[in-house]
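What follows is a set of notes on a single structure, which appears directly below.
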Amino acid sequence: MTAILRDYVSPNDVTDPGSKALSAGLFLAIGVGGGYAWYRSGALENIWQRGVIAVLGAVGALLAGFLGAPIYGLVGIPGLVAWVLLDIAAGMTAARWAVQGKGPVAP
């Protein structure tokens, strides 16, 4: 893969502000995804389960971040802003769905 990319990517592409913003957004998504999943799984007593959920949240955010690269390539920064808003809406919907599926709390 590196040999293929070497022919198409010049060293100057690394200094592109858009690629820095994309990388920063990807790392931020991983941190926020893992942190939010850890926070939302606070009701679990088993720390192992909490950790697994946090890792799954971080991986999900990483995948969403990877999908941001082609979106940035196609429509630029406005597309990334729309992608972030769509991800936030999907995350809020998923959190509400998870809370509803929790069922009644035992006294």
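What to note about this one:
- Only a single item in (1) in contact (Cβ under 8 Å) with a residue 40 or more places away in the chain; (2) more than 15 Å from ALA98 (Cα to Cα) is not met by TYR36, and it is number (2).
- Number of residues in the stretch 38-51 that are closer than 18 Å to GLY91 by Cβ and of a type in the set (Val, Ile, Thr) equals 0.
- Scanning the stretch 22-38 for residues that are surrounded by 14 or more Cβ atoms within 10 Å (Cβ to Cβ), hydrophobic (A, V, I, L, M, F, W, C) and under 18 Å from LEU80 (Cα atoms) returns LEU22, LEU26, ALA29, ILE30, VAL32.
- Within the stretch 39-62, the set of residues being under 18 Å from LEU28 (Cα atoms) and either hydrophobic (A, V, I, L, M, F, W, C) or surrounded by fewer than 11 Cβ atoms within 10 Å (Cβ to Cβ) (or both) comprises ILE53, ALA54, VAL55, LEU56, ALA58, VAL59, ALA61, LEU62.
The numbers here are math on the coordinates, done by the rules we state, and not lab data. All of these numbers come straight from a predicted model, not from anything done at the bench. No Cβ is skipped: glycine too gets one built from the backbone with ideal geometry, and neighbour counts run over all protein chains shown.
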